[in-house]
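The values are calculated or read from the model by the stated rules, or taken from the named source; none is laboratory data. These numbers come from a predicted model, not from an experiment. Every residue, glycine among them, receives a Cβ derived from its backbone with ideal geometry; neighbour counts consider all protein chains shown. Keep in mind that these areas ignore ligands, DNA and RNA; they rest on the heavy atoms of the full protein, side chains included. Shrake-Rupley method; radii C 1.70, N 1.55, O 1.52, S 1.80 Å.
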Amino acid sequence: MGGSSGGTGSMPPPPSVPVPRGDGSRASLAATGPVYATLVRVSDAPSTSCLPDLISLQAPGDARVITVGRHRLNEVQLDCPRVPSLLSRQHVEIVCDVDGLHSVTDKNTLNGTYLNGNLIPDGPCPLRHGDIIAFGGPANVLRDNRTLKNSFRFEYRRPLTAEQWREAGNPPG
């Protein structure tokens, strides 16, 4: 994916994120208002409903826990036929504290979660602007004696601090 991470410039338009409904089906819900932080996919696999280019994350004060994984009941369902079963049904949880800091917790998965190429430890791992997070393995994974690029690699982007976000007139999550 090209482009620069852009400091305090304008954010991309709000994404359409698959969201589960009570009946187990998925609906597309466009984010409303400005987006505080995103995960922007950095792999070259084509975008699909289960492999979005952009995932919106919580704003400061939003107590939601975003779950990511293969299962359709996750807030963000990820799957890719190029690398089947790389992710667990519930792979990670992402939270945002009142200070606007996101952290990711691997849910004891088989293939792990990597931050800047390193397997993250147990417990919450804080994210910093520009970090590369890979779900299910590092940049390259071995499947059926072939090396494949991990399609689940995202760059964490949060160009404003929580204080700058609030000063710009944005409401808490």
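Between Ala37 and residues 5 or more places away or on another chain, which pairs have amide H atoms under 5 Å apart, with H built 1.01 Å from N, and which residues are they?
Those lying under 5 Å, H to H, from Ala37 are Leu57.
So for Leu54, Leu78, Leu101, what's the accessible-area order with a 1.4 Å probe, most first?
Leu101, Leu54, Leu78
Once the whole set of protein chains is in place, how much accessible area is left on Tyr114, using a 1.4 Å probe, in Å² to the nearest 10?
Rounded to the nearest 10, the figure is 40 Å².
Going by Cα centres, the stretch 67-136 and the stretch 142-173 are how many Å apart?
Result: 11 Å between the Cα centres.
Express the accessible area of the stretch 51-173 per residue in Å², computed with a 1.4 Å probe while the remaining protein chains stay in the model.
Per residue, the stretch 51-173 has an accessible area of 50 Å².
Give me the net charge of Ser88's neighbourhood, meaning all other residues with Cβ under 13 Å from the Cβ of Ser88; Lys, Arg count +1, Asp, Glu -1.
Around Ser88, the surrounding residues sum to 0.
Using packing as a proxy for protection, rank 123-130, 85-92 so that the peptide with the highest average count of other Cβ atoms within 10 Å comes first.
My ranking of the peptides, most packed first, is 85-92, 123-130.
For the stretch 87-99, just list the computed ³J(HN,Hα) in residue order, Karplus coefficients 6.51, -1.76 and 1.60, θ = phi - 60°, integers in Hz, with x standing in for Gly and Pro.
9, 7, 4, 10, 8, 9, 10, 10, 10, 10, 7, 5, 8
I'd like the accessible area for Glu93, computed on protein heavy atoms only with a 1.4 Å probe and all protein chains in place. Round to 10 Å², please.
Near enough 50 Å² of accessible area.
Spelling out what I want: for every residue of the stretch 69-83, take phi, set θ = phi - 60°, compute 6.51 cos²θ - 1.76 cosθ + 1.60 (Karplus), and round to whole Hz; glycine and proline get x.
Running phi through 6.51 cos²θ - 1.76 cosθ + 1.60 with θ = phi - 60° gives x, 6, 5, 5, 8, 5, 4, 10, 8, 10, 6, 8, x, 5, 9 Hz.
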